[in-house]
Amino acid sequence: MNKLRWGLIGGGEGSQIGGIHRIAAGLDNAFTLVAGALDIDPARGRAYAVNLGVTPERAYGDWREMLAAERKRDDRLDLVTVATPNASHYEITKAFLTAGFNVLCEKPLTVAVEESEDLVRTARDCGGICAVNYGYSGSALVRQARAMVKRGDLGRIRVVVAEFAHGHHADAADADNPRVRWRYDPKLAGVSSVLGDAGIHALHMACFVTGQQVERVSADFASTVAGRELEDDALLAFRMSGGAVGRLWTSAVALGRMHGLTIQVFGETGALRWQQERPNQLLWTPLSGRVETIERGEARLLPEARRASRTTIGHSEGFLVAFGNIYADLAEVVRAANERRAPDPLALSYPTAEDGLRGVAGVWAAARSAREQGAWVDAVPALLRAT
Ligand code: NAD
């Protein structure tokens, strides 16, 4: 099978997420990196791209230069990933979508709701893929949970509890570190810090697993380290489109918590619990039954989870393969379009621009609610309410 041609913007040497994308895109031999504008520093970006095997003519110093050259080529890129800091997602994604490229954009899709709405419209008009990297939704057992909810194993969903807590910004003495400080500066981070950065994954997961959308939200934000303008801890109550009651806690000062993304779904006839730090196990409790452990790799997994699983039972498999599954979905959809056939329906699980918009709208609604002492705020973006 031919490898697909892949371009990367951001994700330069030393970045947090660039290396993960490169591994994930290469999983299953799906994509090969052929072009990139990897760094805010043009010379460093070009040098690093060449180091990674990109030919010098396609190792760009700037994303505009990359767009101008790549749009003229016959051997067009099949997918462009945008992994720059949040504030530049909108402009770059819009430009590449408009030029007819498929885009996978890092989360949050944009820093403002109107920008995300515009990207949804642009993607619809251009007909290309605009995906958003809520990467954890690629985990095999998250897909198992979603499929079990969809099959009706849990009955009507009563309550969803989502968490994303870490303690990496707990050190008050480190608050002035430039890599930490910008995240709490509204001019650079927008209306929210930890909810927009980490909690947004939990919010998406609550929707992804239940198949419901967040409709209304009430939030309490706290800045627990002196001098921080934006929240480093937040608690949300929300109501979902199918009637589920939602709770979400996110924190950057939760010492001892490493990367605590957790989802719990409680239905009338059963409950599920999954933790990012233990991705190989999904806990299932049927009504009147005992807690059972569903293991990734076991024979009885549903097709959605089997497709997302690479190693045999008992071998660790996590973050990298979860991201890889987003790329695997996109590879299938791109190949299907190239071959003028319908894609495998299971590949349509990747998060879309609409999911990105809902996440940004949820964060904005929560920030407004927090400013209004927890008032209930409508979280449905106007564009999606109308359609
Ligand atoms: P980072 O600061 O570690 O790295 C950013 C990289 O982008 C650097 O190499 C920088 O030089 C480059 N860059 C900045 N502006 C650029 C521009 N205009 N053109 C080209 N390159 C540019 O940031 P990070 O932690 O890697 O985060 C990047 C994005 O990924 C953010 O949007 C973040 O929210 C997201 N992220 C997502 C996840 C996830 O789980 N999905 C995890 C971490 C980060």
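Of note:
- Calculated [θ] (222 nm, deg cm²/dmol) that DSSP helices of n ≥ 4 give over the chain, each run adding -39,500 (n - 2.57): -10000 deg cm²/dmol
- For the chain, modelled as a GNM whose springs connect Cα atoms under 10 angstrom apart, the maximal fluctuation among Gln264, Gln275, Gln373 occurs at Gln373.
- Counted by neighbouring Cβ atoms within 10 Å, the residues Ile313, Ile92, Ile17 run from fewest to most as Ile313, Ile17, Ile92.
- When the chain is described by a simple charge dipole with +1 on each Lys and Arg Cβ and -1 on each Asp and Glu Cβ, the residue from Ile326, Pro186, Gly53 located farthest towards its positive end is Ile326.
- Given Lys72/Lys107; Lys72/Lys94; Lys3/Lys150; Lys3/Lys72, the pairs whose alpha carbons are separated by over 25 Å: Lys72/Lys107; Lys3/Lys150
- For region 299-368, GluC sites (Glu not before Pro) are listed when DSSP marks them as loop and at most 15 other Cβ atoms sit within 10 Å of their Cβ; the list is Glu339.
- Cβ-based charge dipole, the chain, positive-most Cα from Gly7, Asn280, His259: Asn280
- Basic side chains Lys and Arg get +1 at the Cβ, acidic Asp and Glu get -1 at the Cβ, and with that the dipole of region 93-171 about its Cα centre reaches some 600 debye.
- Ascending count of other beta-carbon atoms within 10 Å, so fewest first, for Thr269, Thr93, Thr312: Thr312, Thr269, Thr93
- Here the contact order of the chain, divided by its residue count and restricted to Cα pairs under 8 Å and six or more residues apart, works out to 19 percent.
- Of Ala95, Ala198, Ala49, the residue with the greatest mean-square motion in the GNM of the chain, using alpha carbon springs below 10 Å, is Ala95.
- Fraction of beta bridges assigned by DSSP in the chain that are antiparallel (%, nearest 5): 60 percent
- Placing +1 on the Cβ of every Lys and Arg and -1 on the Cβ of every Asp and Glu, with nothing else charged, gives the chain a dipole about its Cα centre of roughly 940 debye.
- Cβ-Cβ FRET estimate between Asn177 and Glu277, R0 fixed at 22 Å, reported to 0.05: 0.35
- Computed about the Cα centre, the dipole magnitude for region 193-304 is approximately 260 debye when only Lys and Arg (+1) and Asp and Glu (-1) carry charge, each at its Cβ.
- Low-density loop positions, trypsin sites (Lys or Arg not before Pro), region 143-223 - DSSP coil, at most 16 other Cβ in 10 Å: Arg156
No value in this document is a laboratory result; all are computed from the given coordinates. Not measured: the values here are computed from a predicted model. Backbone-built Cβ (ideal geometry, glycine too); neighbour counts: all protein chains shown.
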